[in-house]
Amino acid sequence: WCDFFQAPPQADETDRSVARQVEIAQRLGATQLRLFFGRLTYEDYTTVRLKPDTTSGPLETICANLRRLSDRHPDMLFNFENHDGASLHPEVCAEILERVGRPNIRMNFDPINFERAGVGAGVALDQVHKLIGHVHLKGLERGRFCEFGAGDVDLLPVLRALASYGYRGGFTVEYEGTDDGTLRLYQSVNRARSAVAQVFRLR
């Protein structure tokens, strides 16, 4: 796990881990990696941010770490996912990525992770759409992850909004449920291909 909210010496281990991941990705011909912002809680993030005399805090630390990452690996696109703690608040993701301001430091937008945290995916998208480099697709049923196209959350409005914002990046289908993963992924991919083709008018 890589945590970009941490300062040295913990940040040094994150740097080494990412360097290994980049090496593997390059061997495989991959040009982008999905990473996580880190495990810092929203309360810890906002407590420090609200102190008017603070010149060094979580925002400054993560921005410095991400800029260093960008400089070390300029040919790799890093997409940071809304996954834990503070990153489940879209305004935090936007603040960080806008402050970093690097073209190879973007967001991996996971609408279901936001929904599970009680944040409407459409509301989140409105705040981060300019920063998205990749999108995850899955489902949510009674608070548990399920396959894309099933569950309680309709992601078609999110796909339509992405199209209206001019999104032209990629999608990855996830399945984190307890049923047969092969079958559920197969169903999810088929549904996702159909939905994306329909919304983005692909042939």
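Criterion applied to Leu131, Leu66, Leu28, Leu88 was being in contact with a strand residue (DSSP E or B) (Cβ under 9 Å, 6 or more places away or on another chain), within 30 Å of Arg193 (Cα to Cα) and of a type outside the set (S, T, N, Q), and the one residue passing it is Leu131.
Quick check, is Asn65 surrounded by 16 or more Cβ atoms within 10 Å (Cβ to Cβ), in contact with a Ser or Thr (Cβ under 8 Å, 6 or more places away or on another chain) and more than 29 Å from Lys138 (Cα to Cα)?
For Asn65, the condition - surrounded by 16 or more Cβ atoms within 10 Å (Cβ to Cβ), in contact with a Ser or Thr (Cβ under 8 Å, 6 or more places away or on another chain) and more than 29 Å from Lys138 (Cα to Cα) - is met.
Matching residues to (1) closer than 15 Å to Leu88 by Cα; (2) of a type outside the set (A, V, I, L, M); (3) in contact with a His (Cβ under 9 Å, 6 or more places away or on another chain):
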| site | (1), (2), (3) |
| --- | --- |
| Arg106 | no, yes, yes |
| Asp110 | yes, yes, yes |
| Ala121 | yes, no, no |
| Gly133 | no, yes, no |
| Lys138 | no, yes, no |
| Phe145 | no, yes, no |
| Val153 | no, no, no |
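Whether a residue is in contact with a Leu (Cβ under 7 Å, 6 or more places away or on another chain), modelled with pLDDT of 95 or more, under 21 Å from Ala121 (Cα atoms) and not acidic (Asp, Glu) was assessed, and Ala94 passes this test. Of the strands (runs of 3 or more DSSP E) lying entirely inside segment 96-203, those carrying at least 3 residues that are open to solvent by less than 40 Å² (accessible area, probe 1.4 Å) are 105-109, 132-137.
Listed by first and then second residue, the pairs linking a residue in segment 86-113 that is touching a residue at least 40 places away in the same chain (Cβ under 8 Å) to a residue that is open to solvent by 10 Å² or more (accessible area, probe 1.4 Å) and small (Gly, Ala, Ser), with Cβ atoms under 6 Å apart and 6 or more places separating them unless they lie on different chains, are Leu88/Ala117. Gln26: of a type in the set (S, T, N, Q), modelled with pLDDT of 95 or more, in a helix (DSSP H, G or I) and open to solvent by 90 Å² or more (accessible area, probe 1.4 Å), yes or no? Judged against the criteria, Gln26 is a match. Scanning segment 167-187 for residues that are farther than 20 Å from Phe80 by Cα and at pLDDT 95 or above yields a count of 0. The C-beta contact set for segment 15-28 (first residue over 9 Å from His73 (Cβ atoms), second residue open to solvent by less than 20 Å² (accessible area, probe 1.4 Å), distance under 7 angstrom, 6+ apart or interchain) comprises Ser17/Cys2; Ala25/Met76.
The values are calculated or read from the model by the stated rules, or taken from the named source; none is laboratory data. On a predicted model such as this, the values are computed, not experimentally measured, just so you know. A quick note on method: Cβ atoms are made from the backbone with ideal geometry, for glycine too, and the neighbour counts reach across all protein chains shown. Accessible surface areas use protein heavy atoms only, side chains included; no ligands, DNA or RNA. Shrake-Rupley method; radii C 1.70, N 1.55, O 1.52, S 1.80 Å.
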